[in-house]
Amino acid sequence: MRRLLKQQLNIWSLLSLVLIIAILIPNFIIGAQLFTEPNENWQHIKDYLLKDYIRNTVVIMFFTAIATTAIGTSLAWLVAMYDFPLKKFLKWALILPLAIPPYIAAYTYHGIVNYTGVIQTTLRNSLDITVNQKYFNIMNIQGAVFIFTMCLFPYVYTITKSFFQNQSSSMIENARLLGGSPLAIFFRVALPIAKASIVGSVTLVILEVLNDFGVVSYFGIQTFSTAIFRTWYGMKDLDSALKLAGSLMLLVIIVLVLEKVLRGRKRYSFSTTKVRPIQPKKLKGIKAGLVCAYAFGIFSIAFIIPFLQLVRWALMTYEKVLNFDFLLLAYNSIYVAAIAAIIIVIIALVISNYTRLHQGLTAKIFSRVTTLGYSIPGAAIAIAFIMIFLWLDTTNKELLAKINMEPTVIWRTTLVMLISAYIIRFLAIGYNSIETGFEKVGNSFTEASRMMGVSTLKTFFKVDLPMVRGAVFSGFILVFVDILKELPLTLFLQPFNFSTLATQAFKYANDERVQEASLASLLIILLSGIFIFFFHKLAERESS
């Protein structure tokens with residue numbers, strides 16, 4: 001039967017191979033550039049600036065990782081283990097900060113705490129208190145860590161909460177019978193068994209920090225992303241920009257290796273089939289109030305406060321901003337996100353269908369390569385694609401010149417380059433969702449259909465696809481939301497006279513027109529929030 005499947009799956013193998021090669025090309029370009037002869041700009045960067053880029057990037061990564069671990073894990077434990085007021089709402093509401101891109105949170109909080117912001121204005125006008133400005137300055141590394149923590153802790157919270165909720169209650173009950181306090185159980189039982197989930201989720205946080213351009217650029221912090229942007233746009237030095245991208249990829253590789261080391265080889269699984277999930281313990285009195293205040297306080301800082309500030313600004317400026325151009329921005333954002341998400345879902349279906357039916361080394365390599373793109377920061381991918389499409393344009397011009405024709409298409413000025421970069425960057429998200437869906441349904445139905453003489457292609461559309469449609473929809477939602485919020489790739493690669501809500505909000509903020517940026521930001525948040533809510537409901541239905 002397996003031999004028959006392999007013979008019939010040539011089309012899946014060929015398509016997967018072509019797609020994998022396309023994914024690897026940008027990575028090879030970035031890696032190979034590290035070994036080329038350096039120019040004078042790169043020598044200057046290496047001698048005087050590279051240490052600052054590395055130090056700032058690592059400091060922000062390190063402290064964001066610690067803060068998101070503390071907040072995300074503690075919230076996950078409290079929500080999974082206890083019943084308290086507003087828990088039903090907070091359980092999913094604590095995911096909503098993911099709907100606020102960090103660069104939007106950055107300029108919003110700066111607008112809140114600066115000299116003309118609501119806090120200092122209230123203190124001066126109502127209480128006659130003038131404060132020292134240095135205590136309200138968030139445009140520094142500490143401020144960046146705060147912004148990243150508030151926007152990214154839901155990664156840790158969501159993944160770790162799911163792990164805690166699916167654990168057997170017997171371990172916790174046994175620890176309680178042995179006299180363990182809640183704090184001791186958390187540190188000595190819960191954290192060790194959840195280590196892999198915590199490390200994995202914190203790695204996602206770190207990758208998001210490395211990918212960021214908006215926060216560090218707005219705050220004036222010199223990191224790899226800002227250096228790549230300045231080297232390419234300021235000096236038009238593609239070689240040095242590629243070397244910076246390669247250095248950033250080395251940092252990513254170090255992070256991924258550390259993740260493997262920290263995860264370790266230990267695995268925790270059920271030792272019996274009689275598994276009773278954890279039943280939350282009802283809190284009363286002051287304990288219930290403190291837990292609710294902590295969870296709601298984090299939610300308020302991460303979502304409610306910046307959201308309400310954006311609403312206030314939007315009400316002040318919507319008449320000036322809301323016009324045909326704004327509607328065009330919304331259309332552009334939804335259009336490119338939808339097109340890229342559809343293509344990603346199709347590619348993910350092809351590769352995941354191949355890897356589930358082929359259990360050999362090739363399938364494992366394909367699976368690893370498919371998820372590679374998400375670990376590469378957007379600025380690095382953008383520089384690689386600029387080089388690829390510059391080569392395509394040069395080749396196109398030379399070929400047409402040989403037959404006395406003028407080049408009619410300049411590839412780097414089209415949406416093809418931007419959407420191609422989106423596909424490489426976010427393919428892992430769609431692939432992971434669809435691969436999980438295929439793992440749940442297994443291969444038995446596919447094999448039964450093939451034994452009945454149904455073709456591979458027909459089996460895929462009639463049997464496989466209907467069974468994983470929930471995973472396909474989930475993958476589309478996740479990819480769509482990430483592309484809608486994406487800034488570095490869009491800012492680097494958008495064609496002339498083409499902008500999205502994300503790039504327009506960032507440009508307004510950079511021009512110190514944060515109030516005008518609020519309407520575009522609100523639409524991003526509302527669209528992302530709605531899709532995140534639907535994803536949460538879909539995930540709950542799939543798990544029930």
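We did not get these values from a lab; they are worked out from the coordinates using the rules stated. These numbers were taken from a predicted model, which means no experiment stands behind them. Heads up, the Cβs are rebuilt from the backbone with ideal geometry, glycines too, and the neighbour counts pull from every protein chain shown.
Which chymotrypsin sites (Phe, Trp or Tyr not before Pro) in the stretch 483-544 sit in a loop by DSSP (not H, G, I, E or B) and have at most 14 other Cβ atoms within 10 Å of their own Cβ? When the chymotrypsin sites (Phe, Trp or Tyr not before Pro) of the stretch 483-544 are filtered for loop state and at most 14 Cβ neighbours within 10 Å, Phe496 remain. Solvent-free Debye calculation, one equal scatterer per alpha-carbon of the stretch 426-518: log10 I(q)/I(0) at 0.12, 0.17 Å⁻¹ equals -0.58, -0.79. Each residue, Ala22 and Val311, gets one label point 7 Å from its Cα in the Cβ direction; the gap between the two is 4.3 nm. Going by a ≥ b ≥ c, the root eigenvalues of the Cα gyration tensor, does the stretch 51-164 fall in the rounded group (a/c under 1.5), the prolate group (a/b larger than b/c) or the oblate group? Note, shape of the stretch 51-164 comes out oblate. The simple Förster model, with R0 at 30 Å and r as the Cβ-Cβ distance, assigns Glu319 and Ile339 a FRET efficiency of 0.40. Taking 7 Å steps out from each Cα toward its Cβ at Lys458 and Ile129 produces label points 7.6 nm apart. In this Cβ point-charge picture (+1 for Lys and Arg, -1 for Asp and Glu), the stretch 46-314 has a dipole of about 1140 debye about its Cα centre. The relative contact order of the stretch 46-314 comes to 34 percent, based on Cα pairs under 8 Å that sit 6 or more residues apart.
Which entries of Lys320/Lys507; Lys88/Lys537; Lys195/Lys287; Lys51/Lys485; Lys161/Lys282 have Cα-Cα distances beyond 20 Å here?
Values: Lys320/Lys507 16 Å; Lys88/Lys537 13 Å; Lys195/Lys287 27 Å; Lys51/Lys485 30 Å; Lys161/Lys282 17 Å.
The answer is Lys195/Lys287; Lys51/Lys485.
Loop-located trypsin sites (Lys or Arg not before Pro) in the stretch 281-310 (DSSP state not H, G, I, E or B) with no more than 10 neighbouring Cβ atoms inside 10 Å: Lys284. With the charge dipole of the chain set up from +1 on Lys and Arg Cβ and -1 on Asp and Glu Cβ about the Cα centre, the Cα lying farthest toward the positive end among the listed residues Tyr135, Ile119, Tyr354 is that of Tyr354. Which whole-percent values make up P(r) of the stretch 46-314 when all C-alpha to C-alpha distances are grouped in 5 Å steps starting at zero? Percent of Cα pairs in each bin: 1, 5, 11, 14, 15, 14, 13, 11, 7, 5, 3, 1, 0, 0.
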